[in-house]
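The values are calculated or read from the model by the stated rules, or taken from the named source; none is laboratory data. None of these values were measured; they are calculated from a predicted model. All Cβ positions, even for glycine, are placed from backbone atoms using ideal geometry, and neighbour counts span all protein chains on display. Note: accessible area is taken over every heavy atom of the protein model, side chains too, but ligands, DNA and RNA are not part of it. Shrake-Rupley method; radii C 1.70, N 1.55, O 1.52, S 1.80 Å.
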Amino acid sequence: MTQNPVLEFDRLVIAQTSGGKSILNDISLSVAKGEVLALIGESGSGKTSLALSALGRIRPGLMVRHGNVRLAGLDMIRATEQELRHRRGKSISYIAQSAAMSFNQRMRLDRQVTEPAAVHGAMPAMAAIKRAHALYASLGLPDPGQIGARFPHEVSGGQLQRFMIAMGLLLDPDLVVCDEPTSALDVTTQIEVLRALKTGIRENGTAALFVSHDLAVVAQVADRIAVLKRGDLIECASTTEILENPQHDYTRELIRACQRWPVTARDLVAKKPPAAAEGAIEARGIVAGYGSVTNNKPKIEILKGVSLNVARGRVVAIIGESGSGKSTLARVIAGLHAPAAGTITLSGKTLADRGSGRTRDEMRRIQMVFQSADTALNAKHSVGRILGRVLDFFGDKSPGRIAELLEMVNLPAEYARRKPSQLSGGEKQRVNLARALAARPEVLICDEITSALDTVVAASIIRLVEDLRDRLDLAILFISHDMATVAALADQVVVLKQGVVVENGAAPDVLLRPQADYTRLLLGSVPELRIGWLEDTAPGAPAL
Amino acid sequence: MIGYLIKRLLLAVLVLWLVSLLVFVGTEILPGDVAQLALGQFATPESVATLRTELGLDQPAALRYLDWLFGILQGDWGQSITTKTPVADMLSQRIGNTVLLAGTTTLIATPLAICIGLLLSLGTGGWLDRLGSITILGLSATPEFLIATLAVLLFAVKLYWFPAVAYLSPGASWQDTARALFLPVATLVIVVTAQIARMTRAIISNLLGQPFAEMAMLKGVPRYKIVSQHALIMAVGPLANVVALNVAYLVSGVVVVETVFAYPGLARLMVDAVQARDMPVVQACAMVFGAVYVILILLADTLADLFDPFLTTSRKATGQ
Amino acid sequence: MTTKPDLAPLPRQRPSLTLWFSFGVLGAFVFIAVFSPWLVPFDPTEFVTDLPFQAGNGASILGSDYLGRDLFSRLIAGTSLTLLMGLGATLLAHLVGDTLGMLVALRGGWLDVVLCRIVDVALSLPKIIVGLVVVAALGSSITTLVVVTGLIYSASVFRVARALGRDLVGQDFMRVARMRGEGPVWLLFGEMLPHVVRPLAADFAIRMSFAILFMSSLSFLGLGVQPPLADWGALVRENLQGLGGGSLAPIYPALAIALVSIALNLFVDVLGERNDAAELSK
């Protein structure tokens, strides 16, 4: 193992207090001085619990059943409250996924960023402020001398994440623990924050434990990568070693899933050209938003005249960042949100704005799959009941239909008896798809259906959707912010920015020969699974 | 911010108007003829009719409502049917007593309760917290009349320290007044402290479960500072609301305690007026109670707003 | 990996003292309420002695009341009345509050706005005063008491149910059902109800303790249950005069009320903590 490690996990086992199920099994890892170790794993692999244990934090409901965690020799698991407090924020610091939740909404940013200095008495208040402002500047925050006087809600998400990085680096800790520090951000913001974070760590010579589900992101910052799967450490080696010579099947699968990006012309030859005939579903001049409507314009305009059409047997992808209005468009088409202007036609027939004005058959023919299968499935119903209700509602009496539906999404028939809580994330999303298919739709709207899943599972869901499109001749509207997913699935791509379509064309055209600047920026910001990609990508226009 | 306050104020006025409507309709549909009751069951139908005209009861209800409402707006609360004195005079004396009782209790109980609540949040899960939590839970679930009667039994009957009856005479020295007030105030302090402390602990422990509190802990902030700075500043709004509700209760809901100690407060006045069918007094008391509630909630909401930088600062997030 | 690590034992879940206490108290009171005719040593309306406020002795455990009746027997007889009235009022409060609250959460629109305003106004007047006024006007029959109490508390229940409903209505599974064109009956009973049963049950227990305290206060003020019947609140009132002479007669019924109320609150508190723990370890 490494000489004089800063942090060392020694045969750590963390389990649930009730039931005793282990969520981390016998983990041994170490981080050397100045080294960046990445932990990669799917959601539920226990990576956050492992990261927090480095700070001696075991969340309620969990317990350490074996082993220990040593930070510069101190056993963080058995340390006293006092000993922990003296190290946290000083020799080890934490950067969380959601900056918006991790900052106190009612305290100014400067005060929160410099708080570690205040509680540890590490430096005088003025010096701490000066140090914070210097960090703001090196992290690329605008107006570093003034911006810290703001409250958290007065800066953007990407900026807030940078404040958290500044807070983590304030006292020059030996180790920073970064838990998915860029996952909640849009791609164009992610690249900026990633760059800032890497600079911050390198300039200070800080060691880091970097937790992520995204191998391409990790490849940009890590010296070594450890792969976790369901609480087991399956592989740990240098970044080059992992990328070039993975030992484990799961790692290989992970790499394959990440290698879908960047796309090449060869990947896109199978794409169907946009249909010439009229679409199964067509949206024309959709204007929608919130607040009172005057002159066909809502007070807060989300969609500013969007048109598109989707033919059967085709996947049309809508890509855009948060605030682009892509989910609102899905809701308008589904009849969940009445537009202020514009029309929706289904096979040539104009639909009512609201779902309540549509016939039962029209509602049946358009089905929607939501992002989070956790909330889209009623947790109190069994899978059989969830599917059965749809069949009953639409008067579908074909025998064995539930088993058939489960088979269609590659789930065994006995899953009908299970509750959603007994399914994995990927299985839930399959049930969610089956629920939509139970209505025998013609149009399927998929709203970010892979964004809550990890890379490998997402790839299998993509294959399933592709298969269903061909088997059932569905018109699919696929909404996503993930370019690799879109590239794998879409026949046609629509790029949406702040409610306006900036580009709309066949997938190979948009992905390989983008016309609009925004599309180019978007495509250029998606991390590639290649060491040095971050350095090769010139800092583009500031985050939008 | 100013716009917010004006909106709040207008809403409060609207609620008050609705309260006046509810009070009037409520007293209107109560069975029992006021004139008949006032004159007793042996009154002749003629004299009842005369009194009805005198009281304006022969007018249509809508007209009487408007008359009453405009009277109130000009400070004219009407005349008591039983005592024939202006309602405003009766009220002002009782309001003084109620303010004395409610005010003293609030001043003692609020800081005490919030301190206890914060103290209990410091050691969540420890024995102090468990014991304290069960004690305040027990006290807040105990009927006021048990606390009141026990207080009387102990301090008035056994120990002779304080009078059992809180009679306030106009010319009494402040020592006598204080002695008379002691038992009712002590009872109410126990009741209200238990309530507020329990809510404080619930609000704080809810906040301590949020990511920002975990983040503070991972920065090395000691627990007492997480509670007293990070959590407390977020808790101002909900706490103000809890205190406002308890003060409203002290003004209008303490009829049991006023009864046990024969304390001449507003709540007692209203109960007596109900039994005597003295409608002008009932209506006036109900309006005062409604107004106190609405004003207290308005104050609490405004205080909450003042601590919310989302409302007090105008800059909004740029980009995205 | 060489050998499997020896795992530390799991913490045993301690049987909660408070849970057993509240279980025990509630169970005992229900038992007393059900079997009260067989449990009373004396007829609760008969005079056992000529002297009021006698201290307890072998036969008459708690002594006599202000008229010389057996206090213990009267306390036992008052149990079922107190508990049944509390139960009835709470049932009514939840029937009205839950139905309207959930419906309004689902429907939204003008009905929501109007009902919420009405409830706001209703809650601005002190409950005890409203109860006193209405009961004074309508007369103190037991039915009136239960109905008035139930309606007064339905306003608070409405708020709770509406808040629970609003949380659910925003969830995706409700959107899914609406997109399918489901009507309100399925949405309410098929989708929403299973999620709110537990929180509403917790509210029911707390609310019942409030209802019992409330009706006891009415009885204490003389506007509740009328003689010769007596719930615990009325027993406190009847015997209050004994306090001056140092008699504990008014303390026992007040203690009984406190016990039931504390047990109900503790029960919900402990179960809530357990649920939180179960939720965390999912």
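Numbers at a glance
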quantity	calculated
Under 5 Å, built H, 5+ apart or other chain: amide partners of A:Val306	A:Gly285, A:Ile286, A:Val287
Where only alpha carbons of region B:102-240 are counted, the Rg and the Dmax (Å)	18.7, 61
Shielded by partner chains, region A:84-101 residues - at least 40 Å² of accessible area, 1.4 Å probe, vs chain alone	A:Arg85, A:Arg88, A:Tyr94, A:Met101
Hydrodynamic radius (Kirkwood) for region A:1-106, which is based on Cα pairs only, to one decimal in Å	14.7
Dmax and Rg, reported as Rg then Dmax, of chain C (C-alpha, Å)	23.7, 87
Long-range HN-HN contacts of A:Leu233 with modeled amide H, under 5 Å	A:Asn25
Ellipsoid semi-axes in whole angstrom, largest first, where each is sqrt(5λ) of the Cα gyration tensor of region A:345-407	25, 16, 11
Tail beyond 24 Å, pair distance distribution of region A:235-383 (Cα, percent)	53
Per residue Cα convex hull volume in Å³ - calculated over region B:189-304	101
Farthest toward positive dipole pole in chain A [+1 Lys/Arg, -1 Asp/Glu at C-beta], among A:Tyr250, A:Gly400, A:Ala38	A:Gly400
Alpha-carbon radius of gyration plus Dmax, which is the widest Cα pair, for chain B in Å	24.2, 84
Rg to Rh quotient for region A:443-544, alpha carbon positions, Kirkwood Rh	0.98
Charge dipole of the protein assembly as shown about the Cα centre (unit charges at C-beta), most positive-ward option of B:Ile6, A:Ala488, C:Ala77	A:Ala488
Radius, Kirkwood style, for chain A when every pair of distinct Cα atoms is counted (Å)	25.2
Accessible area that becomes buried as C packs against A, both chains, 1.4 Å probe, Å², nearest 100	2900
Mean shadow area of region C:1-142 over all directions, Cα convex hull, nm²	19.6
For region C:146-206, projected area of the alpha-carbon convex hull averaged over all directions, nm²	4.6
Pairs from A:Lys297/A:Lys497; A:Lys21/B:Lys219; A:Lys271/A:Lys428; A:Lys380/A:Lys428 whose Cα-Cα separation, in the structure shown, is over 25 Å	A:Lys21/B:Lys219; A:Lys271/A:Lys428
Per residue Cα convex hull volume in Å³ - calculated over region C:82-234	104
Which of A:Arg364, C:Arg198 is most accessible, then next, and so on - probe 1.4 Å	C:Arg198, A:Arg364
Antiparallel DSSP beta bridges within chain A, as percent of all bridges there, nearest 5	55
Computed over region B:88-318: relative contact order in percent, which uses C-alpha pairs under 8 Å that are six or more apart	26
Dipole axis of region B:88-318 (+1 Lys, Arg; -1 Asp, Glu on Cβ), positive-most option in B:Ala202, B:Val281, B:Ser173	B:Ala202
Descending semi-axes in whole angstrom, ellipsoid equivalent of the protein assembly as shown, from the Cα gyration tensor	62, 37, 30
For region A:67-78, Karplus couplings with θ = phi - 60° (6.51, -1.76, 1.60), whole Hz, Gly/Pro x	x, 8, 10, 10, 10, 6, x, 8, 6, 5, 6, 9
Rounded to the nearest 20 debye, dipole of chain A from Cβ charges on Lys, Arg, Asp, Glu	1480
Probe 1.4 Å - accessible area at B:Arg277, Å² to nearest ten	30
Dipole moment magnitude, nearest 20 debye, the protein assembly as shown about Cα centre, only Lys, Arg, Asp, Glu C-beta charged	1300
Angle in degrees between helix C:71-107 and the longest Cα principal axis of chain C, rounded to the nearest 10	20
